[in-house]
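The structure under discussion appears below in the form of structure tokens.
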Amino acid sequence: MRADPRIVHTHLFHLSYSNLWNMVKDISSFLQLLEQYEIFFISCPLFFSLLAIFVVVFIRTFNTRNLVLPPWPPKLPIIGNLHNIGRYPHRSLKSLAQRFGPLMSLRFGNVPVLVVSSADAASEIKKTHDLTFVNRPKRSIFQKLLYDYKDVASAPYGEYWRQMRSICVLNLLSNRRVQSYRGVREEETALAVEKIEKSSSLCSPVNLSELFSATNNNVICRIALGRKYSEDTNKFGKLLNEFTKLLGALDVGDYLPWLAWLSHVNGLHGKAEKVAKEFDEFLDGVLEEHMNRHDRHVNDHAGIQGEYQEDFVDVLLEIQRENTDMFAAGTDTTYAVLEWAMTEFLRHPKIMKKLQNEVRNVSAENSSIYMHYLKAVIKETLRLHPPIPLLLPTISTKDVKLKGYDVIQGTQVIINAWAIGRDPASWENPEEFIPDRFLDNSIDFKGQHFQLIPFSSGRTCPGILFAIAINELLLANLVHKFDWSLPGGAKEKDLDMTETVGLTTHKKSPLIAVENRCSF
Ligand code: HEM
């Protein structure tokens, strides 16, 4: 099918007065965004002289090919559509897609970008053209933080990635492995419940965000690194936090290589190098501890099966150390689900009651099989609040036709899972939190149903089972043992739903709740 000839890419600018005004607004939000990354000084005269030179180069570059590109919003010289990203890219891109369609062509600096905002289009990318879009774009921050793209998440598709990925899936995150971590999950959940009981006995509010993050960190550290690092909780937690924040930071040099120096001047690269070094030192300590433990075990138990239990690092030690950092991907994302689920419960007490009825009536042995409503609640939370709303970007390795449009080699692909989860074409009352919508169908998040892809599809997340196991257990325990309310008699509508900025989205202000009897 031939696409609408009106969108043939022959003109550079289509500016009406109204979209000129929108652009002015967008540019001011772009400047705010830059300010956030401390590069507000780009307004220096040097920048504007370079700008003039590149306007000419830009226009020449764009007018060379006659391609049928997906519809696009107006672009600015040099920066293209970088000003359209806004503070919350998943929200800004959804609004743009409502005007320009589920396949939208943008340009971030020099880089062509395809934004995908419907289940149907995502399925084309992830199913039909999976191999064309399986690679990740190179990003200098990833290079600095992820051992020159050696970790599973950023490694280029190929033999090395396949090996790392299969180690992950078979040895660390398989169903059998995840089952074997059950004891750790249960112990840490019991400790979390104990903490809440203590606070409740004094009628003190509970900082649920902090509790979820700490419990999840403890579970992951015990499984991944062999022990808790709670004595270093603040240090390790802060480091992880900075690590994930940096992964989501906008590095202008990735899109405009001639401006790469800005990230040196504004300290972004310096920060990345510092965090990478600190992470490295932390992991050195973990590895040394493991090697000593392993040697001691071999000496003490020569040939006898002892209590020594292999953790992730032991397995990874046999291969390479670079992959330990993938747990940064697991911590932040997993606890975000708990935080948003509890937030939605506090806004929808009837839903919390319905889940309580279910968990209070199911026996412990059957719990994971029969808790249909709990599973529905988790799906609904992932639909409305996917922890990585734009998934991880990929890049096309060759020119390809997609629904009649040209996608050129080197195009970065952003799949807006957040927008897809709220698409009225797939969901009735898409903005409402209604777990019941999952009770009479088999829609799941494992990558087969493209209307719900918080873990992506194709090159999907290998940590799904791991994440769901801890989420189900902690959530079930929290509503089984306690009745929750907002502190000080606050109403549901008072709950602040503002999100954090970055690769993963959390609630910006911590979620504080109290037991019902202490709410006034
Ligand atoms: C609710 C929790 C989680 C969510 C929503 C999530 C989501 C994602 C997403 C969207 C991707 C990118 C897939 C793509 O677009 O290509 C990803 C990749 C990945 N995740 Fe997760 N994740 C979660 C938990 C975990 C956990 C617990 C682990 C490990 C313990 C983990 C390890 C990884 C790894 C290693 C990758 C890279 C896979 C590859 O590129 O081959 N994730 N995850």
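The values are calculated or read from the model by the stated rules, or taken from the named source; none is laboratory data. Here the structure is a predicted model, which is why all the values come from computation and not from measurement. Cβ coordinates were reconstructed from backbone atoms using ideal geometry, including for glycine residues, and neighbour counts include every protein chain displayed. What goes into the accessible areas is simple: the full protein's heavy atoms, side chains included, and nothing from ligands, DNA or RNA. Shrake-Rupley method; radii C 1.70, N 1.55, O 1.52, S 1.80 Å.
Some points to look at:
- Surface per residue (accessible, 1.4 Å probe) for the stretch 363-440, Å²: 40
- Averaging the Cα positions of each part gives two centres, and for the stretch 85-163 and the stretch 336-407 these lie 21 Å apart.
- Two-site label geometry, D483 and E281: point separation in nm, points 7 Å out along Cα→Cβ: 5.1
- Flagged links, alpha-carbon separation over 27 Å, of K94/K144; K401/K507; K94/K507; K94/K126; K238/K379: K94/K144; K401/K507; K238/K379
- Separation of the alpha carbons by more than 22 angstrom is noted, of K354/K375; K235/K481; K235/K271; K245/K271, for K235/K481.
- Net charge, V479 excluded, C-beta distance under 11 Å - Lys, Arg +1, Asp, Glu -1: +2
- Accessible area of the stretch 457-520 divided out per residue, in Å², using a probe of 1.4 angstrom: 41
- Gyration tensor verdict on the stretch 430-520 (Cα atoms; rounded if a/c is under 1.5, prolate if a/b is larger than b/c, oblate otherwise): prolate
- Applying 1/(1 + (r/R0)^6) with r as the Cβ-Cβ distance of Y88 and T128 and R0 = 35 angstrom yields a FRET efficiency of 0.70.
- Each residue of the stretch 109-122 was assigned a 3J(HN,Hα) from its phi angle through the Karplus expression (A = 6.51, B = -1.76, C = 1.60, θ = phi - 60°), giving x, 8, 9, x, 10, 10, 9, 10, 10, 9, 4, 4, 5, 4 Hz with x at Gly and Pro.
- Computed from backbone phi with θ = phi - 60° and the Karplus coefficients 6.51, -1.76 and 1.60, the 3J(HN,Hα) list for the stretch 271-284 is 4, 4, 5, 5, 5, 4, 5, 5, 5, 4, 5, 4, 5, 4 Hz; x is used for glycine and proline.
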